[in-house]
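Before any comments, here is the structure.
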Amino acid sequence: MDYKKIQSIIAEKNKIFISSHINPDGDSLGSALAVYHYLTKLGKDCRIINHSPVPETYSFLNEDKIFHELDGDSSGFIKNADLGIILDIGDFYRLGDIAYIIEDHSIETVSIDHHPQSDNDFFTNTFIDLEACSVGEILYSYFCDIDKTTIDKDIILGLYIAVLTDTGSFRHSNTTEMSHKIAVDAINLELDIAKIYQKIYESSSVSRIKLLGNVIQNLNFDCNGQLAWFAINEDMVKEVNGSNQDFDGFADFFRSIKGVEVSMMLYDLKGKVRLSFRSKGKYKVSEIAKKMGGGGHPFAAAALVEGEFSQVKSNVLNMLSTYINKYDENNIS
């Protein structure tokens, strides 16, 4: 990756916004935090602006109110910006309404990502490393290449959260040597990694636990127990006085069941269905996600499908079971 090119683009700009995908996660938020503190050090006028609010799980990152949800004021900042640094997005339109502001005002963009390019790669400059576990890892390599002394406690906090969350706490197959180097630097810079873990993974709301219990009671298994899938709708969330953030990570949780190779969530949006796939590594769920109009990594992918829930459910289950059964038939030892 041409880190010097990224550095030169940033050097020429003064007013910069940082953004990521709708419903941001640990990688996108942590990476944005790191870039924000980096740009601030350079004396840039910068803001983090997302289509969606910061999820409650990551609210501790926004104690200084540096994350902004798109509104009239932040929209004005974007329109007058010299550059947009876009993080962790495989598809331009996952920026939400920010994408249309960029298009309407022909704003130059730099996309830094670890997802495959989609057909909607409308960024001015694109920098992708498919081997990186997270955008946080790419940014760490960038800082090390230009000047590692740039990395201070504020920046390493963002990088560490990005890597921690996108590797499943260093458990998934995408965990790299670089991931652990970032963790070592975080410890050396006296980051309280135990406290960070608690805030992200050990602060579940009562509504989340109630919703998880309801989902467990209706969990489905197919393909001789290799596929676990579950459905969620707005009524289930309202029943526990919850929010859409409450079921984040459920697909990862059910993938941990012994014998399960693939976990899938179907979220009924009444006219659309949000699909989330997770695999332990035997089956490449991104292939199914792509057929459903989505994408992602081989073992973690998603799609948003238009159509009635029953029909989408039938289609995706048929695709998954056919794929799994065909794979098993062709790989009989």
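The values are calculated or read from the model by the stated rules, or taken from the named source; none is laboratory data. These numbers were taken from a predicted model, which means no experiment stands behind them. Methodologically, a virtual Cβ is constructed for each residue, glycine included, from the backbone with ideal geometry; neighbour enumeration extends over all protein chains shown.
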Taking the stretch 209-231 on its own, how many of its residues are in contact (Cβ under 8 Å) with a residue 60 or more places away in the chain and in a strand (DSSP E or B)? 4
Only one of (1) at positive phi; (2) modelled with pLDDT of 95 or more does not apply to Gly158, and that is (1)
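Take the residues in the stretch 294-326 that are hydroxyl-bearing (Ser, Thr, Tyr) and touching a residue at least 40 places away in the same chain (Cβ under 8 Å), then tell me which one is surrounded by the most Cβ atoms within 10 Å (Cβ to Cβ). Don't jump to the end; show me each part of the working.
The first filter runs over the stretch 294-326 and keeps only residues hydroxyl-bearing (Ser, Thr, Tyr), leaving 310, 314, 321-323.
If we keep only those that are touching a residue at least 40 places away in the same chain (Cβ under 8 Å) too, we end up with 321, 323.
On the way: Ser321: 14, Tyr323: 19.
Filtering first and then ranking leaves Tyr323.
Let's see how each residue does on (1) hydrophobic (A, V, I, L, M, F, W, C); (2) part of a loop (DSSP other than H, G, I, E, B); (3) crowded, with 19+ Cβ neighbours inside 10 Å:
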site: Ile146; (1), (2), (3): yes, no, no
site: Asp154; (1), (2), (3): no, no, no
site: Leu157; (1), (2), (3): yes, no, yes
site: Ile161; (1), (2), (3): yes, no, yes
site: Leu164; (1), (2), (3): yes, no, yes
site: Ser169; (1), (2), (3): no, yes, no
site: Lys181; (1), (2), (3): no, no, no
Select from the stretch 121-137 the residues that are more than 21 Å from Glu108 (Cα to Cα) and touching a residue at least 60 places away in the same chain (Cβ under 8 Å) and list them in ascending order. Ser134, Gly136
Candidate set: the stretch 129-144, residues that are in contact with a Gly (Cβ under 9 Å, 6 or more places away or on another chain) and not polar (S, T, N, Q); chosen: the one farthest from His51 (Cα to Cα): Leu139
Got at least one residue in the stretch 232-253 being surrounded by 18 or more Cβ atoms within 10 Å (Cβ to Cβ), in the same structural domain as Ser310 (by TED's automatic domain parsing) and assigned to a strand (DSSP E or B)? yes
Can we say Leu139 is in contact with a Ser or Thr (Cβ under 7 Å, 6 or more places away or on another chain) and not assigned by TED's automatic domain parsing to the domain that holds Pro298? yes
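Under the condition of being under 17 Å from Ile112 (Cα atoms) and modelled with pLDDT of 95 or more, which residue from the stretch 14-25 is nearest to the chain's Cα centre (by Cα)?
The qualifying residue nearest to the chain's Cα centre (by Cα) is Ser20.
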